[in-house]
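Since the structure comes first, as C-alpha cells, the remarks are kept for the end.
The values are calculated or read from the model by the stated rules, or taken from the named source; none is laboratory data. From a predicted model like this one, the values you see are computed outputs, not experimental measurements. With ideal geometry, Cβ positions are generated from the backbone for all residues, glycine too; neighbour counts draw on all protein chains shown. Ligands, DNA and RNA are stripped out before the accessible areas are found, and what is left, the full protein with its side chains, is counted by its heavy atoms. Shrake-Rupley method; radii C 1.70, N 1.55, O 1.52, S 1.80 Å.
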Amino acid sequence: GLWIPMAGGIDNGLGLKPPMGWRSWNLYDCMSPERIITDERMRAAMHAVLDTSRSLSVKAANLKDLGFDEISMDDGWQQCNCSTRQDEDPTLPTCSVDECVGGHCSWHDKRTGLPMVNRHRFWD
C-alpha cells in the first residue's frame, strides 16, 4: 500500500497564514523614470491598500481588511547610485552592481553608520 508520512508542527499560533502585503520591488525597479519610487508614489500605494471603494459581497472592503497588512519599500529610497541607473546623483560615486553587492559601495554615512535617505525623492 501507499504510505503517506504525517507532518508535525508546533501549535503556537504562528504561521497560520502566509505574510500578505505589498512590496515596492514588484512595481518600482528604477529602470525608467516612471518606475522610480518617490515619496508621492509610496504614499499612493499606502492609500490604495486602505481604499474602501471596492466591495466584497456588497460590503466596502480594502486590502487591509482582507489580510494585506504589510507595505514595504525595498529599493530606491537610499542615497546612492547602486540601483537607480535612471536617476543617478552626480555628487555620489558610481559603482557597478558587483561592487554594490560586494560591499565596496554603501549608502551608509561613513561617520555615523546610519543609512542615507535620498531627500530629493523622500523629503519628509
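Considering only region 1-33, how many residues are among the aromatic types (Phe, Trp, Tyr), in a loop (DSSP other than H, G, I, E, B) and within 30 Å of Met73 (Cβ to Cβ)? Show your work before the answer.
As a first pass, look at region 1-33 and keep what is among the aromatic types (Phe, Trp, Tyr): 3, 22, 25, 28.
Then drop every residue that is not in a loop (DSSP other than H, G, I, E, B), which leaves 3, 28.
Checking the rest, the ones that are also within 30 Å of Met73 (Cβ to Cβ) come to 28.
Within region 1-33, residues that are among the aromatic types (Phe, Trp, Tyr), in a loop (DSSP other than H, G, I, E, B) and within 30 Å of Met73 (Cβ to Cβ) number 1.
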> Cys105 passes all but one of (1) surrounded by 13 or more Cβ atoms within 10 Å (Cβ to Cβ); (2) at pLDDT 75 or above; which number fails?
Replying inline: (2)
> Applying the selection to region 1-58, what residues are open to solvent by 100 Å² or more (accessible area, probe 1.4 Å) and in contact with a Ser or Thr (Cβ under 9 Å, 6 or more places away or on another chain)?
Replying inline: Arg23, Trp25
>> Quick check on region 59-102: of everything there that is open to solvent by 90 Å² or more (accessible area, probe 1.4 Å) and modelled with pLDDT of 75 or more, which residue is nearest to the chain's Cα centre (by Cα)?
In response: Glu70
